[in-house]
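Notes for the one structure printed next.
The values are calculated or read from the model by the stated rules, or taken from the named source; none is laboratory data. These numbers come from a predicted model, not from an experiment. Heads up, the Cβs are rebuilt from the backbone with ideal geometry, glycines too, and the neighbour counts pull from every protein chain shown.
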Amino acid sequence: MARRERGSTAPALLLAILLTLLVVATVYVFVARLFPAPPPITSAALLVDRQNDVTLYVTGAIFVLAQLGLAFAVFRFRDRGQRARFSHGNALLEALWISLTLILFLGLGFLGRKAWADVRFTPADPGAVQIEVTTNQFVYNFRYPGPDGKFGRLDASLVNAPAGNPLGIDPNDPAGRDDIVVPTLTVPVDRPVELLLRSQDVIHNFFVRELRLQQDSVPGMVIPVHFTANRIGHYEIVCTQLCGLGHNKMHSMLNVVSESDYESFLRIQAAAQGLVQ
Amino acid sequence: MANSAFTESLPLGDGRSGNGGASSGNGGWGRESSGAAGVPQRAYTTGMMIALGGIMMFFLALVSAWVVRGGLASSNSQPLNVPRILWLNTAILLGSSFALLRSRRCLRAQQEDGFRHWWSVTAILGVMFLCGQVIAWRQLAAAGVFLATNPSSSFFYVFTAAHGLHLLGGIAALLAVAFRTTRRVPRTAAVGVVAIYWHAMDALWLFLFLFFMIVKWT
Amino acid sequence: MSVLRRVFSRDHKVIGLQYLFLSLVAVTIGIVLSLLMRFHLVWPMAHLPFVAGGIMAPEQYLALVTMHGTLMVFFVLTTAPQSAFGNYFLPIQIGAPDMAFPTLNMLSFWLTLAAFLCALAAFVVPGGAPISGWTAYPPLSGLGEVTGPGEGIGQTLWLVSVLIFCFASLLGSINFITTTIDMRAPGMTLMRMPLTVWAWFVTAILSLLALAVLLAGGILLLLDRSAGTSFFLPAGLVANGELQARAGGSPLLWQHLFWFFGHPEVYIAILPGMGVVSHVLANFSRKPVFGYRAMALALCAIGFMGFLVWGHHMFVSGMNPYSSLAFSALTLSIGVPSAIKTFNWLGTLWGGKIQFHTPMLFAIGFVSFFVSGGLSGIFLAQPALDTVLHATYYVVGHFHLVMGVASIFGIFCATYYWYPKMFGRQMDETLGKLHFWLTFVGVYCIFMPMHFVGIAGGIRRYADSSGAAYLAGLQPLHSFMTFAAFITSAAQLIFFYNFFRSLKKGARAAENPWSATTLEWITSSPPPHDNFGGHFPSVHRGPYEYSVPGAAQDFLPQHLAPQEAGRVSEEPQSGK
C-alpha cells in the first residue's frame, strides 16, 4: 500500500530533534556540574547530597525515557496515510506502570527519611554550643550566653537598636550581663552547634548552602536547628523568606573556626562587652 | 444533519435514559417539572447542596483555625463568657425550623393559608434570632469584650457575624419566595431549596453553639 | 437585543468569552510585569522613564513580583482554562442548552471583573501595590505600612480583590457541578463524558472547597489588618522599632489556611489543561484515549489527594517535622496518578496517525513540559532535599514549568482547537505553528536555567544579586533567561495578531473542521443561542471512538445512533 506523505514529517522531525536536544542539554548540564552547589561541610549535608544524587538518577532516567519516548512516538506514528490502531488501553501495562511509579516514588521518600530525621527528629547534643539567632528587618543578630552559660531574659518593650540593645535584653537580669551579641555567626569546627531561631517582626529565614540547611524564623516561636561543621571557612548566610524591601540585602557570615580561635573569639567579645557595659 | 438521533424535547438529567432511536422517553422530567427552559427541577436541590458544601467548608476552615489557636499558649487567652441570651436565641432558631416544617406540610396538603402563615412565622423567628444575636453583642460590648479583646472574643464575633450574615441571606430568600419574586424558579423547587438552606443554617448554629459551650467548659 | 442585555448576557457562551478576554488582558499585564522584573534583574541600575526616581527600588520590584503572581494565578490560570473554556463548552459537550443557573453565572463573571479591577487599583494608591508576594504571609502582610511600602492600602485592596474572587469562584463552581450532575443528555453516562468535562467537573469541586478556605483565611487577615485582632500576629512584635500591641496569634496558621487552598489551586490551574490535552491528542492521533477510565479516575485521584499535601509548602516553616514526612509521602504518591496520565498520553500517541495541526503541537508540548515540571517536583517533595531548594529559583522554575508553561500551553491548545467553533473562523495555521515553535523553544530557555540557578543557591524574590557574593556567578544565567524572555514574549504578539485578525479575516470554519467525535462539533460554528437549534442530541457511545474497525470513516460521533453509524458514508458530512 502506497504511503502518502501528508506534510507531517517536517513537524514530527523538528519536534523529535528539539526534544532530543532538550534531553542532551539538560543531562549535560547536570553531568558536567556546570552550576554546582558548594561542597557540603557537615556529614548530615553529605547525606542530603547522597539522597539528592539518588533522586537525580531516578528522575533523570524517567526524564530521558519520557522525553525521548515522546520524540519517538510523534515521529514514528506521524500521519503517512496509515490507519491508527484502535485500542482503548491495556490494563496490564497500566497496572505495571502504576506499581512501578508507586514503588519508585515512595521508595525515594523512604530512602531519604534518615537525611531528614537525623537533622529534625534528633535533638542537638546536650553539650552543643547554643547560640540564639534573632532576625528582624533586615539584620541577623547572634547571641551567645557568655561565661555563665545562660541567656538573659528578653523583653520586647526594651528593644532599642539605636541605643545598643537590639534584642531587648533585660538589664535587671544578671544572666544577661555577659551575653554576647554580634552580627556574624562564629562557631567551632567539629563541635555540635544548636541555633535557636527567633524573629522580632516578620518571618525571616536562615540559610547556609554549605550546611544544606535552612529554617524560617517565625515571630512568636523559638525554633531549634543543629549542625556540626567539619570544615573551617567562611560561608554566607542569606534570608530566603520574603521579609520586605530589604529582603535581598539581608546577609551575614558563618565563620567556622578552630577550637582555639573560637575560645579567643569568646574572650575578646566578653572583654568588649565588659568595656561597653 | 442526521436527525433521527435527536429529540425536540429536553430530557436532560443524569444521562441514563435514552439509548437509541428518536424522541426517546423523557425519563420522568418532562416540561411540567422543569424550571427555566431545560433545567430539571432537581438541579435546584443539587445546586443548594453544592452551595452548602462550600459554606460548610468555609465554617470548617474557621473552626479549625479556632482549634489551632486554642492550642496555643497565649498571654491573653481567656474563655469567653457566652451571653446567656444565646440559649434563648438557639431555642428561637430551632422553633423557626419547626415552623418551616409546618409550613411545608401545609403546602403539601395544599393549604395555602397555612403555608403562608407558618412561612411568615419562620421569617419572623429568624429576625428575632438576629435581634437576639445583636443584643448578645451589645451585652458583651457593655462588659468590655470587643472583637479584638482576646482570641476567644475574636472568634465569637467572627462566627456569630458570619452565621448571622448567612441567616440574613436565608431571610431574604424566605421573603423572595413569599413575595413571588423568583418567577423563573417553580415555587415547589424554591420552597424546597430555601428549606434545606434554613435547616442547614439551624444545624450549623447548633454546632457552633455547642462548640462555644464545650470550649467554655473544658 | 439591547446593548445592556448583550453585555449582561446570561448565555454561557458569551460569559465564557467574557472570561477569555479578561484573562487575555490579565496575561498581557502579567507578562509586562515579568519583563520588567527580568529586565531589572540584569540591569538593576538602569534608569527607567516611568519609574518615580528613575531607578526601580526594591519595593517596586517586590510589588511587581506580588502582582505578577496574583494576576497570573487568579486571573489567568484559574480563569481561562476553567471559567472561559469550561463555561463555553461544558454545556455543549454534555448536550445541554446552558448552565443550570445562568443568572448566577453572569454574576460570577462580573464579580471576577470587579476583583480584577480591585487588584489593579493597588498599583495606583499611595504606597503602591503590596510587596508580600501572592502568598501574603503575615506578619509582613498583617501589620500595615509599618512593615514596608505597599503594605497599607495596597495590601488591603489586594486582599479585598482576593475575597471577591473567592466568592465569584464559589458561585461558578455551583454552576459547573450542578450542570454536570443534572443536565447531561440521554445516553451520556459519566463514563461517556469527554475528559474535558471530567476535568472541569473535578476542578469545580476543588474550587468549591479550596476557595472557601481562602475566603475564611482572608477574612481573618483582613480583620488583623483593620480591626486589631490577632489571628496571625503573636505578642511581642517589634516592627520598625515600634512595639505592636497584638497577642497570641500564629503566623503558621495563615500558612496552613493559605496552602490548604494553595495546593488545590495549582491543580485547579492544570486539570482543565490535562482534560483538553487528552481530548486533542485523541482527536489528532485518530485513536481513542489510552485508558479512558484510568484517565478519569486519575483526575479524581489528583483532585482528592491535592487536598492532602499542602504541608509540602511548609517543610521549613517551623511546622512539626513529623508532619513533614507524612506530607512528603502523600506528595510523592500524587506523582502516581500524574504518571498514569503521562503514560496514557504517550499510549494515546502510540500507534496513532498523528496530524500536526497547531492545537496538536501545543498538546504535545504540554506533555513534555508536564514531564519536566512534574519530575522536578520529586525533589521538592522530599523535605531533606527541599531544605536546600526551598525559596530558591529551583522552585520558581518548577512551578513555572507546570503552571506558567504547561497550563498556558493547555490554554493555547484550547484556543487554537476551539477557535473555529467559538468564532466561526479558522486561525491561520502557519502563524499558529510559528507561534508554537518559538514559544516551545523559548520557554524551555527561560525556565530550565532557573533550576540550575536554584541548585547553586539563587534565592527567589530577590530584587537583585548585590546582597550575597556568591550570587554574582549566576548572573550569566539571568542574562540568558532575560534575553529568552523578551524574545519569547515578542513571539506572543504573533498569537495576538493571529487571534484578532482571524476574527474578521480568517477562513470560514465548518461545523466539524477537525473531524471530531464530541457534541460541540455537531452544531454550527458558532453555535446558536440554545446550542443545538432545538435539536438536542442523545449519546450512543464513548467520546473518543476514532478509527473504529469496520466503520466507514475514522471517527464515530457520539450522537449518531447505531443504525446511523453504518450509513455515515452516505451522508454528506461537514468534515475536513
Which listed residue is within 18 Å of C:T488 (Cα to Cα) and at pLDDT 95 or above, from C:A381, C:A406:
C:A406
Where in the stretch C:380-485 are the helices (runs of 4 or more DSSP H), entirely inside, with at least 1 residues that are of a type in the set (G, A, S) and within 13 Å of chain A (Cβ to nearest Cβ)?
C:383-389, C:393-399, C:429-455
For the stretch A:84-99, indicate whether the set of residues that are among the aromatic types (F, W, Y) and either assigned by TED's automatic domain parsing to the domain that holds A:I62 or on the phi > 0 side of the Ramachandran plot (or both) is non-empty.
yes
Please state which of the following conditions B:V82 fails to meet, knowing it meets all the rest: (1) touching a residue at least 40 places away in the same chain (Cβ under 8 Å); (2) part of a helix (DSSP H, G or I); (3) not aromatic (F, W, Y).
(2)
Return a yes/no flag: does the stretch A:115-130 have any residue that is among the hydroxyl-bearing types (S, T, Y) and either in contact with a helix residue (DSSP H, G or I) (Cβ under 8 Å, 6 or more places away or on another chain) or assigned to a helix (DSSP H, G or I) (or both).
no
Starting from residues that are in a loop (DSSP other than H, G, I, E, B) and among the aliphatic types (A, V, I, L, M), keep the ones in the stretch C:115-128 and report whichever is surrounded by the fewest Cβ atoms within 10 Å (Cβ to Cβ).
C:V124
Answer yes or no: is there a residue in the stretch C:531-542 that is closer than 20 Å to C:V14 by Cβ, touching a helix residue (DSSP H, G or I) at 6+ places or on another chain (Cβ under 7 Å), within 13 Å of chain B (Cβ to nearest Cβ) and in a loop (DSSP other than H, G, I, E, B).
yes
Can you name the residue in the stretch A:18-28 that is within 11 Å of chain C (Cβ to nearest Cβ) and over 14 Å from C:C445 (Cβ atoms) and is also surrounded by the most Cβ atoms within 10 Å (Cβ to Cβ) among such residues?
A:L19
Among the residues of the stretch A:76-106, write down those that are more than 9 Å from chain C (Cβ to nearest Cβ) and of a type outside the set (S, T, Y).
A:L92, A:A95, A:L96, A:I103
Answer yes if at least one residue in the stretch C:333-344 is of a type in the set (S, T, N, Q), out of contact with any Gly (no Cβ under 8 Å at 6 or more places or on another chain) and more than 11 Å from every other protein chain (Cβ to nearest Cβ), and no otherwise.
no
Could you pull out the residue among C:G249, C:G218 that is modelled with pLDDT of 95 or more and within 26 Å of C:L157 (Cα to Cα)?
C:G218
Would you say B:L107 is over 21 Å from B:L167 (Cβ atoms) and either aromatic (F, W, Y) or touching a residue at least 60 places away in the same chain (Cβ under 8 Å) (or both)?
yes
Among the strands (runs of 3 or more DSSP E) confined wholly to the stretch A:141-247, which include 1 or more residues that are at positive phi?
A:233-238
Please give the number of the condition A:R120 fails out of (1) more than 30 Å from C:L471 (Cα to Cα); (2) touching a Ser or Thr at 6+ places or on another chain (Cβ under 9 Å); (3) charged (D, E, K, R).
(1)
Residue identified as surrounded by 21 or more Cβ atoms within 10 Å (Cβ to Cβ), within 14 Å of chain C (Cβ to nearest Cβ), out of contact with any Cys (no Cβ under 7 Å at 6 or more places or on another chain) and acidic (D, E) among A:D216, A:D170:
A:D216
Determine which member of the set A:V74, A:V27 is touching a helix residue (DSSP H, G or I) at 6+ places or on another chain (Cβ under 8 Å) and over 27 Å from C:H279 (Cβ atoms).
A:V27
Looking only at the stretch B:201-214, count how many residues are touching a Gly at 6+ places or on another chain (Cβ under 9 Å) and over 14 Å from B:T160 (Cβ atoms).
0
Which of the residues belonging to the stretch A:164-204 are among the acidic types (D, E), under 22 Å from A:M250 (Cα atoms) and touching a Leu at 6+ places or on another chain (Cβ under 9 Å)?
A:D201
Do we have C:S328 as in a helix (DSSP H, G or I), touching an Asp or Glu at 6+ places or on another chain (Cβ under 9 Å), crowded, with 24+ Cβ neighbours inside 10 Å and outside the structural domain of C:W198 (by TED's automatic domain parsing) here?
yes
Answer yes if at least one residue in the stretch A:207-219 is over 16 Å from the mean Cα position of the chain (by Cα) and either at pLDDT 95 or above or charged (D, E, K, R) (or both), and no otherwise.
yes
Mind checking which residues of the stretch B:183-218 are among the hydroxyl-bearing types (S, T, Y) and crowded, with 18+ Cβ neighbours inside 10 Å?
B:Y197
Report, by residue number, each residue of the stretch C:129-153 that is buried (at least 21 other Cβ atoms within 10 Å of the Cβ) and not in a loop (DSSP other than H, G, I, E, B).
C:T147
Can you find even one residue in the stretch B:113-124 that is in contact with a helix residue (DSSP H, G or I) (Cβ under 6 Å, 6 or more places away or on another chain), under 30 Å from B:P79 (Cα atoms) and at pLDDT 95 or above?
no
The number of residues in the stretch C:46-62 that are surrounded by fewer than 19 Cβ atoms within 10 Å (Cβ to Cβ) and either outside any loop (DSSP other than H, G, I, E, B) or within 14 Å of chain A (Cβ to nearest Cβ) (or both) is 4
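Yes/no matrix, rows are residues, columns are (1) among the basic types (K, R); (2) over 16 Å from B:S103 (Cβ atoms); (3) within 19 Å of the chain's Cα centre (by Cα):
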position	(1), (2), (3)
B:A136	no, yes, no
B:T149	no, yes, no
B:A162	no, yes, yes
B:I196	no, no, yes
Is the stretch A:260-275 home to any residue that is surrounded by 20 or more Cβ atoms within 10 Å (Cβ to Cβ), outside the structural domain of A:Q51 (by TED's automatic domain parsing) and not basic (K, R)?
no
As an exercise: evaluate A:P38 against (1) in a helix (DSSP H, G or I); (2) more than 7 Å from chain C (Cβ to nearest Cβ); (3) at pLDDT 95 or above and give the number of the one condition it does not meet.
(1)
Failed condition for A:Y140, given (1) at pLDDT below 95; (2) aromatic (F, W, Y); (3) assigned by TED's automatic domain parsing to the domain that holds A:S199:
(1)
